[in-house]
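The values are calculated or read from the model by the stated rules, or taken from the named source; none is laboratory data. Since this is a predicted model, take the numbers as computed values, not measurements. Here Cβ is always computed from backbone atoms with ideal geometry, including for glycine, and neighbour counts include all displayed protein chains. The area values use the complete protein model at the heavy-atom level, side chains included, leaving out ligands, DNA and RNA. Shrake-Rupley method; radii C 1.70, N 1.55, O 1.52, S 1.80 Å.
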Amino acid sequence: DDIAAANGGDLIFSASVEAAAATTRRAVENAGDVERFSEAQVARALESVERDEIAGLADPKVSLGGNYGVQMYRNARFMAGVTPIVRRYLVVKRRIARVRRKVKHVDREGYYDERTAMWDDEHEKAAKDIRKLFNKMGGLYNKLAQDWATRDGLLPQAWVDELKDSFEAMPERPWSVMKKEILLSLKEEDVTPIAPTKQGLERYFARVDEDALAAASIGQVHLATTHGGDRVVVKAIYPEIRRFLMADLINARRAAQQITTLLRLPVKGTVDAIMDEQVESFPRELDLRIEARHLRKQRLYQRRHGLDIAIPVVLEELSTSAVLTQTFLPGVTMGALDKKDPAVRAKAVDATIAIAKAIGVTMFRERFFHSDPHPGNIMLLGEELKPGLIDFGQCTTLTKKQLRTICHVVLLLRTRSQTLIDQALRGSGFAFNTEDPELKMALLYYFFDSSTTGSGAVRPEAMEVLKDTIQHKPAEMPVLTDTPREMV
């Protein structure tokens, strides 16, 4: 199966028949059985997962949000960090206004050069301060850093470039903190000890590496060894993330509103749609039982459609709402891969295309969408750099109406026809602050097509207008003022 392929051959297990040794074997064998399922068996298994999802609605809900004091504390820390950034931008705007009054009518080109330099310098300073603020705040802000790092065309390029390290460079929590949280979650949710005569975490694992394998936005993962001798990955949510979530979501919306107001960006509708999606989706990621069901679903869909993407196998017996134990996929993330070698780069491109295809197949044929395939979640396994995908916390099932909207947009963009696209968008839920059909095309292809230029349908000059205005003339930037929620 795909996990065996990632390891370069058959999986080897301990010969012990004790219950402790059988835990990983049973989970992987069950996953391996999926590779031999008939279509009828896949359908029945998916029905079972769907029943589990419905039953999961009755699961004890994870506690989100701290007391009023916690929220006030988070608000104060955030405002203390963001206020100086906002003030500096206001100062720059006033300086540019003074230069415009003095110079523009005398030396127009000199004015534009000076304005560009002033904005560039402030964007660079602000980018570093925003990154420091997000790192200091932690919690949801780490997730926002990853989201903003993909918002080329909506944010200054300096911000995007500075935040790209957020896919790999998250600060990890001390092992003493994470060990306590893992053990507490396993005990509170009545997980049966694998080795009941042992003490502490050894009741569940033979060994857990104290150094984190990776630190992410909402939690970190540690390599562990089961009592059966198999290497697994233990993903655990940071202890403070749930307490801070509600205050951080409020602050994130406030920050987005301040930025759009400060830079005079006419994107309130689009920003509201983005924030509404984050408010709905982020809390789901803090219940790892939901991620476990997403992984089961993905494996069944891959069997149904013949997709060869390695994904982890969940060990249900060692998992809770805050701890997810999975098989280990040995490899490197796309974000950490050294792509200087042309051969390595070519394999990485092939792997990315394979994963994009898999996500497209499950979205368009099953309405199931993995919405977080950033470079830290794409794995490249073995010498062949075979594709793997991890972190299924941010997945969603689209409604039929939502999928129809997405299909309409995709098919429309494939026409490469400016006239058809301009006519079809009327009354579609998209709104623009420009009537220029070419700029509308540029925006749509930039955000929603595999070719940002529409395979030549959009002139390079139009794309340059987009890039230049967000950096130097944000108030004049052509934007999507409203965007359908499903496209977000």
Expected output for the range 461-473 (first residue more than 13 Å from Y445 (Cα to Cα), partner modelled with pLDDT under 80 and not in a helix (DSSP H, G or I), Cβ below 6 Å, 6+ apart or cross-chain) is T469/M477; I470/M477
Among (1) surrounded by fewer than 17 Cβ atoms within 10 Å (Cβ to Cβ); (2) outside any helix (DSSP H, G or I); (3) small (G, A, S), G454 falls short only on (1)
Exercise for review: Inspect the range 264-276 for any residue being part of a loop (DSSP other than H, G, I, E, B), open to solvent by 20 Å² or more (accessible area, probe 1.4 Å) and at pLDDT 80 or above and give the result as yes or no.
Suggested key: no
By residue number, the members of the range 457-482 that are in a loop (DSSP other than H, G, I, E, B) and not basic (K, R) are A457, V458, M477, P478, V479
Over the range 141-156, the set of residues open to solvent by 10 Å² or more (accessible area, probe 1.4 Å), aliphatic (A, V, I, L, M) and at pLDDT 75 or above is L155
Just one listed residue, out of V361, V349, V332, V344, is modelled with pLDDT of 95 or more and farther than 14 Å from D391 by Cβ, and it is V361
Checked the range 310-320 for anything more than 18 Å from the chain's Cα centre (by Cα) and buried (at least 21 other Cβ atoms within 10 Å of the Cβ); matches are A310, V313, V314, L315, L318, S319, T320
Per the filter on the range 125-155, residues small (G, A, S) and assigned to a loop (DSSP other than H, G, I, E, B) are G138, G139, A149, G153
Would a scan of the range 325-347 turn up a residue that is open to solvent by 10 Å² or more (accessible area, probe 1.4 Å), among the small types (G, A, S) and within 30 Å of A252 (Cβ to Cβ)?
yes
When A236 is run through (1) at pLDDT 90 or above; (2) within 20 Å of the chain's Cα centre (by Cα); (3) surrounded by fewer than 16 Cβ atoms within 10 Å (Cβ to Cβ), the failure sits at (3)
Exception for K440 within (1) open to solvent by 20 Å² or more (accessible area, probe 1.4 Å); (2) in a helix (DSSP H, G or I); (3) touching a helix residue (DSSP H, G or I) at 6+ places or on another chain (Cβ under 6 Å) falls at (3)
In the set E384, E438, E461, the lone residue that is more than 24 Å from the chain's Cα centre (by Cα) and under 29 Å from Q298 (Cβ atoms) is E384
